[in-house]
1. Can you find a residue in region 336-352 that is buried (at least 24 other Cβ atoms within 10 Å of the Cβ) and at positive phi?
2. Restricting to region 194-234, give me the number of residues that are under 20 Å from M158 (Cβ atoms) and hydroxyl-bearing (S, T, Y).
3. Take E215 and tell me if it is among the charged types (D, E, K, R) and crowded, with 16+ Cβ neighbours inside 10 Å.
4. When you look at R208, is it modelled with pLDDT of 95 or more, open to solvent by 10 Å² or more (accessible area, probe 1.4 Å) and not assigned by the TED database to the domain that holds E256, yes or no?
5. State which residue is surrounded by the fewest Cβ atoms within 10 Å (Cβ to Cβ) when the search covers only region 146-199 and only residues that are in contact (Cβ under 8 Å) with a residue 24 or more places away in the chain and among the charged types (D, E, K, R).
6. How many residues does region 361-400 hold that are closer than 18 Å to A460 by Cβ and touching a residue at least 40 places away in the same chain (Cβ under 8 Å)?
7. Can you go through L273, L286, L290 and tell me which one is among the hydrophobic types (A, V, I, L, M, F, W, C), out of contact with any His (no Cβ under 8 Å at 6 or more places or on another chain) and within 29 Å of C426 (Cα to Cα)?
8. If I ask for residues that are in contact with an Asp or Glu (Cβ under 9 Å, 6 or more places away or on another chain) and closer than 23 Å to F516 by Cα, which ones from region 311-339 would you list?
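The values are calculated or read from the model by the stated rules, or taken from the named source; none is laboratory data. Note that this is a predicted model, so its numbers are computed, not measured. Quick reminder, even Gly has a Cβ in these numbers, built from the backbone with ideal geometry, and neighbours come from all protein chains shown. The protein model used for the area step is the full one, side chains on, heavy atoms only, and it has no ligands, DNA or RNA in it. Shrake-Rupley method; radii C 1.70, N 1.55, O 1.52, S 1.80 Å.
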Amino acid sequence: MAEVFSLRLLLFTSNHRASRSSSSYSSSSSSYKSLKSAKSNPKPTASTSASRRGPLSVSQKTQKLNLEVSPHRAVSAVRLMRIEFGGAFADLLNEKGKGSGDNEMGYVERTLGFRTRDLEDRDLRLVTDIVGGTIRWRRYLDHLISSLCHDDKTFSSMEPLLLQILRIGFYEIVKLNMPPYAVVDENVRLAKVALRPGAGNMVNAILRKLVLLKEQNSLPEPKLEGDDRAQARALATLYSHPVWMVRRWTKYLGKEEAIKLMAWNNSDPSFSLRANSEKGISRADLETKLNSLKVPYEPSLHLSDFIRIKTGLQTVIQAGLLKEGLCSVQDESAGLVVSVVDPQPGEKIIDCCAAPGGKTIYMASRLKGQGMISAIDINKGRLRILKETAKLHQVDDVVTTIHADLRIFSEKNTVTYDKVLLDAPCSGLGVLSKRADLRWNRRLEDMEELKKLQDELFDAASLLVKPGGVLVYSTCSIDPEENEERVSAFLLRHPEFHVDPADKYVPHDFVTASRFYFSLPVKHSLDGAFAARLVRS
């Protein structure tokens, strides 16, 4: 399971709790249930997907293996279907980072009615590029597709699989600048075999129209004109973000910074590796291993055991560095949150929303075998992954897991701790470069529900802090309503706490005027994160 954890880190960011905000507390918070319910969409099963496509042709039923269809496009289309309609996709990869054989092609066959050949390394890279890019640029791609359709009804009633195939073709032509007519031919073939000849004809007509417009430099771009609302809609299309996010960032950051942030979110993400000191691996040792693998890297400017890589993460995975526990994938912004906690040997610490455990494991490594970390989470399965990862990283002697709802646990608990970390469920607006799908899974209405949950957890966590102890509240959000405003509201309710300035623990460049830790993607080239360090009188 440890390698599964490592791969989930790769696909869903290192240790951020953004995904927990829609799952971990659903079983115990009625308000949060309503949030989850409001966001849910009908999720097509294999049978419903097939029914939308219409019955499979005789040739599809008899020819289960199709070597003519581009495998990376077939797999990309299926993954995009599963992501958009709620299916997880981390489980499509094994420890080598490839499609896991029958499992991968099983998904393809159930959705398309046939298999292709297995993915090779080059195919895998293309799938990663196409799936991530198509999700990021979905709104913009849909604008182009709808503009080139015969009428609005054609686009609004388009079959989900047909739409994914068109999105792939548009992304390959417009953003990847792949040879246009090869893209047309390959996607037409996929549509004909996976759907029917008429679908292939439609893909052919629309993609050829796109190629012509691109060659003439006359793509139908939205114009930045009109009032603020109209301009926000245009920016949301041009930079492929929800309108509410654009309006929110324009309000808090200004138009130019909002545009820079959206451009960052649409760029290929970089990843950071943390050397596992508990296994005797220093950053220099990790650098030596990366050199031998010919993976380019840059040492972190902020943390002595972190390395940043832009490319080559699949190579790292295939070499077994994560599986062997020699390093872990963790963004420096998350590592700096641990710096704010400042765990010291001999201390008793509790991580209140711990799973999947990136910060827990890092804190445990800094205890040097002396002290204790209790990791509490409502999700039993994710806690099991945390426990196994702690063993892999050889810090299980100082980590204890607790399966519980923090709000209930804190009321009954009589033990207090030297330090308490609440890495709260949040919108994840700071990690959109890595979580390409997250921008489409968040609504403005979610923010109010999240703030209510954050306040409840904040109050609960405060009960666990001993006099003179430390409470750190953190998020992977850049939104002030989830960050500074939650801390201000907490301090009004709890005058027994006061702010301990973050500049004692992180570089001054990361410290806000209110003395909190804050990383901003554009400014620091890291994920967005926030942490406030509070001390109990």
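1. Looking through region 336-352, none of the residues is buried (at least 24 other Cβ atoms within 10 Å of the Cβ) and at positive phi.
2. Taking region 194-234 and keeping what is under 20 Å from M158 (Cβ atoms), we get 194-211, 213, 219-220.
Still in the list and also hydroxyl-bearing (S, T, Y): none.
Final tally of qualifying residues: 0.
3. Criteria not met by E215.
4. On the way: modelled with pLDDT of 95 or more: yes; open to solvent by 10 Å² or more (accessible area, probe 1.4 Å): yes; not assigned by the TED database to the domain that holds E256: yes.
Answer is yes for this residue.
5. The initial filter retains those residues of region 146-199 that are in contact (Cβ under 8 Å) with a residue 24 or more places away in the chain, namely 147-149, 159-162, 164-176, 180-181, 183-184, 186-187, 189-191, 193-196, 199.
So of that shortlist, the ones also among the charged types (D, E, K, R) come out as 159, 167, 172, 175, 186, 189, 196.
Working: E159: 15, R167: 25, E172: 26, K175: 17, E186: 22, R189: 18, R196: 18.
Among those that are in contact (Cβ under 8 Å) with a residue 24 or more places away in the chain and among the charged types (D, E, K, R), it is E159.
6. Total meeting the criteria: 4.
7. Unique residue meeting the criteria: L273.
8. Scanning region 311-339 gives D331, E332, S333, A334, G335, V337.
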